[in-house]
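Heads up, the thing below is written out as structure tokens.
The values are calculated or read from the model by the stated rules, or taken from the named source; none is laboratory data. If you're wondering where the values come from, they're calculated on a predicted model, not measured in any experiment. All Cβ positions, glycine included, derive from the backbone under ideal geometry; neighbour counts span all protein chains shown.
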Amino acid sequence: MNFRHNQSEEEPQLNLTPLIDVVFLLLIFFMVSTTFNKQSEISIELPEASGKPLKTDKFRIEVEIDSQGRYFVNQQRVKNNELITLKRAIRLVRGKEKDPQLIISSDRNTSYQSVITAMDAARQLGLVNLTFATKQVEE
């Protein structure tokens, strides 16, 4: 048997046109399917405070948050920083009162999440009379 041996071996050629088409289609797909963040600003007019202390005869619950995010309900340290523990402490202090005033006071360096957790605990307990304590700056 005589096998022919081709002297001129041609190198196989790689056609890049389909590959480029696929890359462009993927690029178009990702560009169309990507969601862009829409940044918008909301114009809010904040209420002004007169700086005079509020006097009420309602039963008050004070929730204090220190700079490490620890909670104190009416001067008593809450066991841990979990939402369920904070709710239990507020419920215990609340007792049978229907609509007590809840005062949240926090340190200037307290994380925003700690304040939101206190507000969430109040909302879940049905407390709607919520006040934020501030300190009046001496001039």
If you check every pair at least six apart or on different chains, which have Cβ atoms under 6 Å apart with a residue in the stretch 84-102 that is more than 13 Å from Ala122 (Cβ to Cβ) and without any contact (Cβ under 8 Å) to a residue 24 or more places away in the chain first and a residue that is part of a loop (DSSP other than H, G, I, E, B) and not small (Gly, Ala, Ser) second? Thr85/Val78; Thr85/Lys79
Residues of the stretch 103-121 being crowded, with 17+ Cβ neighbours inside 10 Å, at pLDDT 90 or above and either in contact with an Asp or Glu (Cβ under 8 Å, 6 or more places away or on another chain) or of a type in the set (A, V, I, L, M) (or both), in sequence order, are Ala118, Ala121
When you scan the stretch 59-82, do you find a residue that is crowded, with 16+ Cβ neighbours inside 10 Å, of a type in the set (D, E, K, R) and touching a residue at least 40 places away in the same chain (Cβ under 8 Å), even just one? yes
